[in-house]
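First the structure, in the form of C-alpha cells, and then the observations on it.
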Amino acid sequence: MSELIGYIFIVIGLSFDFFGCLGLVRFPDVYNRLQASTKSVTLGTCSILFGLFLIKGMSAPGIKAILCIIFIILTSPVSAHALARGAHKSGVRLWDKSICDRYEEEKR
Amino acid sequence: MSKSRIILFILGLLIWLGLSWPVNPQHLIVGVLVAGFVALLTGDMFIKRPYLFKHASRYLWFLYYLPIFIWECIKANIDVAYRVIHPNRPLNPGIVKVKTSLKSDTALTFLANSITLTPGTLSVDIDQEGGFLYIHWIDVKSSDVEEASKLIVERFERILRRIFE
C-alpha cells in the first residue's frame, strides 16, 4: 500500500518539475523565471524524495531522502534569493509590463 | 563546554547518524569524534542564543507552523502551474517593499525562505536595520508598504516571532 502511495507522490513530483521547467521557458524575465523554477522544483523534488521514503521505509536510502528534503527546503530559497539579488544589482531590468519597482527607487 | 557547543554536537551527530543509517558501532565512534571536533572548533559561531532551545513552547509553535507552511507551498505550486499553462500568461509582476518587525537573524532567514516558497512571492533583498524586505510579487495587488505587508508578511510573522524571537 505505502508503495502505491509512494509512486503517486513520485508522479505528482515529476509533473510539478515539468511545470517548473515549462515556466522557465515561458515566463518573460529573470525574476518570474526564478519564481517558477524555485517553487515548483522545490516541492516537486521534495515530493519525489518523499515518495522514495515511502517506498523504501526506514532503511538507508529512505533516511537519506528525508535528510535531502530538509536540506533542499533550507537551501533552495536562499540560492534563489542570491540569484535575484545578484541579477538586480548587476542591472537586469524587470519585464516591460511590470507594475512597480520599489527596489530601484530606493537605490537611487 | 558551553551550551551552544553541546547543541551543535547533538545536531551534527544526528545528521551523521542519518547519513550512515543503519547505526553500527564503527560509524557511531567516528561520528562522535568528528561531531566533537567540529563542535569544539565552530561551537560559538553557530548558535548565538542557546537558552532559546530550552523553551518547550517554541517546539510546539514550530509543529504548528509546519502544516501551514506545507499547505502554502502546495498552493504556491498550483498557482505557478496555472500561470504557466494559461495561454495568456496572467502575469502582473513588480517589486514591492514590505515592513517586518522581526529582528533576529534566524527569524529573518526563515521569514525570507517562507516568503519565497509561498504563492507568488520571492524575496530579493533585505534591509535589516530598517526592517524592510524587498519582494518580487508575480501578481501585484498593492504597491503600498502597509497594504503589501499585511498581505504577504503578517500570516508568518506572528508564528515566527513565537518560535525564534
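The values are calculated or read from the model by the stated rules, or taken from the named source; none is laboratory data. The model shown is predicted, which means the values in this text are computed figures rather than measured ones. Cβ placement follows ideal geometry from the backbone for every residue including glycine, while neighbour counts extend to all protein chains displayed. The area values use the complete protein model at the heavy-atom level, side chains included, leaving out ligands, DNA and RNA. Shrake-Rupley method; radii C 1.70, N 1.55, O 1.52, S 1.80 Å.
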Does A:VAL11 satisfy being part of a helix (DSSP H, G or I) and at pLDDT 90 or above?
yes
Kindly check whether there is at least one residue in the stretch A:85-101 that is under 24 Å from B:PRO90 (Cα atoms), outside any helix (DSSP H, G or I) and hydroxyl-bearing (Ser, Thr, Tyr).
yes
Note: among A:PHE53, A:PHE18, just one is within 17 Å of the chain's Cα centre (by Cα), more than 8 Å from chain B (Cβ to nearest Cβ) and of a type outside the set (Val, Ile, Thr), namely A:PHE18
Residues in the stretch A:15-27: is at least one open to solvent by less than 30 Å² (accessible area, probe 1.4 Å), in contact (Cβ under 8 Å) with a residue 40 or more places away in the chain and touching a Leu at 6+ places or on another chain (Cβ under 9 Å)?
no
Residues in the stretch B:40-72 that are within 20 Å of B:SER114 (Cβ to Cβ) and open to solvent by 80 Å² or more (accessible area, probe 1.4 Å): how many?
6
Taking only the stretch B:84-110 into account, find how many residues are in a loop (DSSP other than H, G, I, E, B) and more than 9 Å from chain A (Cβ to nearest Cβ).
9
Scan the stretch B:95-117 for residues that are open to solvent by less than 20 Å² (accessible area, probe 1.4 Å) and out of contact with any helix residue (DSSP H, G or I) (no Cβ under 8 Å at 6 or more places or on another chain) and report the count.
1
Residues satisfying the stated conditions in the stretch A:54-97, i.e. small (Gly, Ala, Ser), closer than 28 Å to A:VAL30 by Cβ and surrounded by fewer than 13 Cβ atoms within 10 Å (Cβ to Cβ):
A:SER79, A:ALA82, A:GLY86, A:SER90, A:GLY91
Report yes if some residue within the stretch B:118-127 is within 13 Å of another protein chain (Cβ to nearest Cβ), among the charged types (D, E, K, R) and either surrounded by 16 or more Cβ atoms within 10 Å (Cβ to Cβ) or farther than 18 Å from A:SER76 by Cα (or both); otherwise report no.
yes
Residue under evaluation A:GLY6, criteria (1) more than 20 Å from A:LYS64 (Cα to Cα); (2) of a type outside the set (A, V, I, L, M); (3) over 11 Å from the mean Cα position of the chain (by Cα); (4) part of a helix (DSSP H, G or I), criterion not met
(1)
Evaluate the stretch B:47-66: report whether one residue or more is within 27 Å of B:ILE159 (Cβ to Cβ), within 11 Å of another protein chain (Cβ to nearest Cβ) and not aromatic (Phe, Trp, Tyr).
yes
Do you know which of the residues in the stretch B:148-165 that are of a type in the set (Val, Ile, Thr) and assigned to a helix (DSSP H, G or I) is nearest to B:ILE95 (Cα to Cα)?
B:ILE152
Picking from B:ILE78, B:ILE15, the residue that is open to solvent by 60 Å² or more (accessible area, probe 1.4 Å), in the same structural domain as B:LEU117 (by TED's automatic domain parsing) and in a helix (DSSP H, G or I) would be B:ILE78
Taking the stretch A:1-20 and keeping only residues that are within 16 Å of B:ALA81 (Cα to Cα) and touching a Ser or Thr at 6+ places or on another chain (Cβ under 8 Å), one is left with A:ILE12, A:GLY13, A:PHE16, A:ASP17, A:PHE19, A:GLY20
